[in-house]
Each structure stands twice: as structure tokens, then as C-alpha cells.
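Below: one structure, written as C-alpha cells.
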Amino acid sequence: MTSAAGTTVDVDVLVVGAGPTGLALGVDLARRGVDALVVERGAEPAPGSRGKGIQPRTMEVLDDLGVLDDIRAAGGAYPVGLIWQNGRPAGERPMFDPAEDGEEGSAFTEPWMVPQWRTQEILHARLTALGGRVAFSREVTALDQDEDGVTVRFAPSQGAGTVRFAPGQGAGTVRFAPGQGAGTVRFAPNEGAGTVRARYVVAADGGRSAVRRAVGIGMTGAGADGSGVVDPAPILVADALIDGLDRDHWHLFPPDGDTGGFMAVCPLAGTEYFQIVAGFAEGTTVDVSPDGVRKVFAARSHLTADAVTEVNWVSEFRPRAALADRFRSGRVFLAGDAAHIHSPAGGQGLNTSVQDAYNLGWKLGAVLGGEAPATLLDTYEEERRPVAAGMLGLSTKIHRGEARRGRETRQLGLGYRGSSLAAETRTELTDEALRAGDRAPDTAVDGGRLFDVLRGPHWTLLTAGPSLEGPALPGVRTALTGSDGRYGPGLYLIRPDGYVGWAGTDPRELRAYASRVGLSAG
């Protein structure tokens, strides 16, 4: 897929943006054999911790994508909050409501902390291992689509890019540090603007998405603080080395008249760094220099400025809650921050975004592979926009202090019962019964666990109860379980993204549904 200046590279899917959303989608498409290209405006992977919380449902997704072991090794559990007042510890506060053991039939019950730069590194490595790639220094400037595809044009490169590498930790491993490293690799400037012709384009290029603007999709929202202002109060976030604070707590410095606004200082699991988050009044000009970070830290804590021995990355953002008016325009789809912008307070932005990719990936793969009609792609917006709207509402409430992080933020209970893909054919079910559209919980099956059977890009037919027998469906894995309280007697056809598509007892109705979604009975 390498081209000289000005030539066209044809791909099935062009993914714009190499953050967690775009990389997760790239991984899912690559394992399905889809010819996809991920492009990124920047000359190197984005630095900084940014979205650091990976919720249990997203952990299940990352398990399926083949990166769970690396994610586990790269991060750690969230520490308890330690409140400081007048330079002294004033009590501890759990940052999340506790989960019940085995809640929602998942091996994951609490968020896992991984700095975003490290999550990107892991997904990038997985994408490369599957034969995919990311093209950096590709800034979208124009987009035209027709009945057959989309032509995307890029700006000329502004010069050579640089990526810094940390020393490798093992054979065959390259580990990116967030802006640090023992050496550099420099890339020559791109030779020209060029174009890419794709059958479909996915905008995963963030809240200021160039692709969203190019297709004319609006975004509705305002400040997450409820003020209704378009430009809300700024927040500073920085990754820094700090002396004088333990790494067993998330240090919380409430606002008072002497120190200014709030500040939270969280040890970043898997690194030596802390993430500093400090809020400011509306209209404040934030100094994002290293000295500016040190001054804020000293003013709002009991430590001096020189306790911040290094500022590795710093950014200013203004927390908004916004939702795209549509998630699709013809052959162009929006995913992640390009479709919905969250306050980081609830830990929902990155997770909702990765799950956008997980929903869209199998549908693109089925349509491009000729297994399903193109109308299957209509269900992406149908399913994901209501979920994104709900998560926006939740994260905004948490930002305002109107809700806590708990069962809802773990996202295990999200589902698609109202989707046209959800076919529940049983009657007289209890309110607690698992239904079509729900996430399929883990359970014991013949020879192991259901999640081990689900792992991979296929559909799965689960039979619950000894008296039923499902039809043979090519390419569909099968599993048998008894009744453990999660699955009542019946047949459950589970989608590639782990949600129940069809549930019932009549194999003839199952065959009809399978035919509708591109699965033919043998």
C-alpha cells in the first residue's frame, strides 16, 4: 500500500485516527482479513496519559482482540483516594463503588488503569503483528464520496517526523515511552499529499474531527459543568515525576480560598509518573509550561514546586458533553470522540469509543466479505448512538457530583435490546431473564468457559438445556451449558461482539434469523 506522491492507494476501509478507537478497529479488521489502512495526522503516536481507565466491559473486548495479557502487565488497579487538608491527610475515600463478586458474569469487576499512550502502543503492536499498519503524518484535507467509495485527500507533509524509543525490555519488543527514550528514529518527509480511495471511511480523529466536518455532520452539546457555555472552564492535565507523595493513594486536594481550585494527583500504574489534574475558573488563561505546572502544584498542595522533578507531558482541555447528530453519512462512519465527547470524570470516553470500534468492526467485515447485506451497517448508528447518549449523560452527572462511579460505569450491563438485530422469540420471561440484545455473560460450558469459545471473529451458538439441538451453521462455533441462573433453557445465537442476537427454542426461526444476518444453515 505504499505509493509515490499524488497516486491513489485503494483499500477496503480507511480509518482516520490512530488513537485507541482507530487502533482497536484496525486490529478487529485485520484479524478478519479486511484490507484496511489507519492514518494519523501526527508524526508519531500521541503522548500523555489522557484516558487511563479501562472499564470491565472494555477489558473483555481487549481480551477478544488478543491484547489482554499486555494490558494487564502494563497497568494496575486504581488506588484509594486520600484527601488532604492543611497539609495533613484527612481521610480516605474509595474512588469507585465496590462490585459484587462475579457481577454480570465477568472476570472483570473493577477498572484497570493503563496510561493511554501505553494502550495505544499495545494496540499498535497487535495491529502490526496481524499485518496491519499505521501511516503517520497524514492530515485529511478533503473528502468526496459516491455510490462506490470515498476519495480522501491529504495535506503535504510538513517535514520529517521523530519517534522516540525507550530501551527494549525483551527480545522482539519495542516499547514506546511518552516522550522519553534512549534514542530516536527519524523518518524522511512524505513526498506529497496523495489520495486514498476506500470503500468505507471511519472517522476516529477526535473531537475536532476533520472527517466529521468534511461530511457536514453537526455536534450538539456544551460544557459538562451544566453552565450551558460552549467554552467551559479549563482543566490542566500533566504527567510528572513527583517527590514527596506515596504511590498507594490517589491524592485529592479540595479547593479552598488560599490554594484555588481542586487538584488530584494520581500515580500512573506501570510507570514512575503521576497524573496531575487541576481545575480553573472560567476565563482563566492556563500556563501549560513545566514551570506553570510546578506553580499550580505548589499552590494547591503542601509541597514545594521543586517536588515536581520532571514534567513529561502537559495539556489543557475544556470538559464538554457533546453528541454528533448522526454517526453515519453514506460510506463514512463516526466513532469515538468524533461521535461523542465526554468529561473524563466518569471514565467513559475511551471505553465507549473502543466499543464503537468493536460494534462496527464485525459488521464491516461481514459486509465486505460478502457474508451479509450492506443494510447490516445501518445497525451501527441504531445501536451505538443511544449507548453513547446514555454514557454522556452518566459521565456528565459524575462530573457534576450527581452520581458515583459504580455498576453503570463498568458498562457490563449495556446492550441492544431495542436493536433490529435483537430477535427475542420466547414469551413469558421474567424481568431478570437474559434476552436477545443483552451482553452474553460468561458461564461454564462443556470443556471450559463460554468466553473461551467466544474469543475470535465468529458467531457462537449456545445451547442451554439437554433437550434442544440447534441447526448446523457454517462458521459458527457451538457450546453447551446447563442452567446456572444466567441462561434459561433455549438456544442463543451470540454475535461476534459478544451480544445475543437471537434467543428462542425453535430451530426453524433460528435458521431464518441466521439467513438474515448472512449465516446460512448447512
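The values are calculated or read from the model by the stated rules, or taken from the named source; none is laboratory data. Quick caveat: nothing in here was measured; it's all calculated off a predicted structure. Methodologically, a virtual Cβ is constructed for each residue, glycine included, from the backbone with ideal geometry; neighbour enumeration extends over all protein chains shown.
If you go through the range 349-392 and pick out every residue that is surrounded by fewer than 18 Cβ atoms within 10 Å (Cβ to Cβ) and farther than 22 Å from Asp205 by Cα, you end up with 6. Report whether or not Arg41 is in contact (Cβ under 8 Å) with a residue 60 or more places away in the chain and in the same structural domain as Gln348 (by TED's automatic domain parsing). It is true that Arg41 is in contact (Cβ under 8 Å) with a residue 60 or more places away in the chain and in the same structural domain as Gln348 (by TED's automatic domain parsing).
This table checks each residue for (1) surrounded by 19 or more Cβ atoms within 10 Å (Cβ to Cβ); (2) within 27 Å of the chain's Cα centre (by Cα); (3) assigned to a loop (DSSP other than H, G, I, E, B).
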| residue | (1), (2), (3) |
| --- | --- |
| Leu236 | yes, yes, no |
| Asp239 | yes, yes, no |
| Trp250 | yes, yes, no |
| Ala281 | no, no, yes |
| Gly292 | no, no, no |
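Can you confirm whether Ala77 is closer than 30 Å to Phe253 by Cα and of a type in the set (Gly, Ala, Ser)? So Ala77 passes the test. Residues in the range 93-112: is at least one crowded, with 18+ Cβ neighbours inside 10 Å and either assigned to a strand (DSSP E or B) or modelled with pLDDT of 95 or more (or both)? Within the range 93-112, one or more residues are crowded, with 18+ Cβ neighbours inside 10 Å and either assigned to a strand (DSSP E or B) or modelled with pLDDT of 95 or more (or both). Among the residues examined, Glu310 does not qualify as in a loop (DSSP other than H, G, I, E, B) and surrounded by fewer than 14 Cβ atoms within 10 Å (Cβ to Cβ). So Ala299 fits all but one of (1) in contact with a Ser or Thr (Cβ under 8 Å, 6 or more places away or on another chain); (2) farther than 21 Å from Gln85 by Cβ; (3) not in a strand (DSSP E or B); what number is the exception? It fails just one condition, (2). Inclusion of Ala30 among residues that are at pLDDT below 95, more than 17 Å from Tyr380 (Cβ to Cβ) and in contact with a Gly (Cβ under 6 Å, 6 or more places away or on another chain) is not warranted. Return yes or no: is Asp12 outside the structural domain of Arg449 (by TED's automatic domain parsing), in contact (Cβ under 8 Å) with a residue 12 or more places away in the chain and touching a helix residue (DSSP H, G or I) at 6+ places or on another chain (Cβ under 6 Å)? The answer is yes for Asp12.
Take the range 428-438 and flag every residue that is more than 18 Å from Pro386 (Cβ to Cβ) and either under 32 Å from the mean Cα position of the chain (by Cα) or modelled with pLDDT of 95 or more (or both).
Taking the range 428-438 and keeping what is more than 18 Å from Pro386 (Cβ to Cβ), we get 428-434.
The answer is Asp431, Glu432, Ala433, Leu434.
Scoring Ala203 on the criteria (1) within 25 Å of Ser353 (Cβ to Cβ); (2) modelled with pLDDT of 95 or more; (3) touching an Asp or Glu at 6+ places or on another chain (Cβ under 7 Å) leaves a single failure, condition (3). Evaluating Ala77 against the criteria (1) crowded, with 19+ Cβ neighbours inside 10 Å; (2) modelled with pLDDT under 95; (3) closer than 30 Å to Ile276 by Cβ leaves one unmet condition, (1). Mind checking which residues of the range 109-136 are more than 18 Å from Thr21 (Cα to Cα) and hydroxyl-bearing (Ser, Thr, Tyr)? Result: Thr109, single match. The residue list Thr379, Thr425 contains one member that is modelled with pLDDT of 95 or more and farther than 30 Å from Arg331 by Cβ, which is Thr425.
Name every residue in the range 274-313 that is hydroxyl-bearing (Ser, Thr, Tyr) and closer than 28 Å to Pro232 by Cα, in order of residue number.
Taking the range 274-313 and keeping what is hydroxyl-bearing (Ser, Thr, Tyr), we get 284-285, 289, 301, 304, 309.
Scanning the range 274-313 gives Thr284, Thr285, Ser289, Ser301.
Can you find a residue in the range 465-479 that is within 18 Å of Gly437 (Cα to Cα) and more than 31 Å from the chain's Cα centre (by Cα)? Scanning the range 465-479, I find no residue that is within 18 Å of Gly437 (Cα to Cα) and more than 31 Å from the chain's Cα centre (by Cα), so the answer is no.
To keep it simple, each residue is scored yes or no on (1) crowded, with 19+ Cβ neighbours inside 10 Å; (2) touching a residue at least 24 places away in the same chain (Cβ under 8 Å); (3) among the aromatic types (Phe, Trp, Tyr).
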{"residue": "Gly470", "(1), (2), (3)": "yes, yes, no"}
{"residue": "Trp502", "(1), (2), (3)": "yes, yes, yes"}
{"residue": "Thr505", "(1), (2), (3)": "no, yes, no"}
{"residue": "Arg508", "(1), (2), (3)": "no, no, no"}
{"residue": "Ser520", "(1), (2), (3)": "no, yes, no"}
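Can you tell me which residue in the range 257-279 is nearest to Asp70 (Cα to Cα), limited to those that are in a loop (DSSP other than H, G, I, E, B), in contact with a Gly (Cβ under 9 Å, 6 or more places away or on another chain) and of a type outside the set (A, V, I, L, M)? Filtering first and then ranking leaves Gly270.
The residue list Leu68, Leu25 contains one member that is closer than 16 Å to Gly336 by Cβ, modelled with pLDDT of 95 or more and within 17 Å of the chain's Cα centre (by Cα), which is Leu25.
Within the range 318-331, the set of residues being under 19 Å from the mean Cα position of the chain (by Cα) and assigned to a strand (DSSP E or B) comprises Arg320, Ala321, Ala322, Leu323, Ala324, Arg328.
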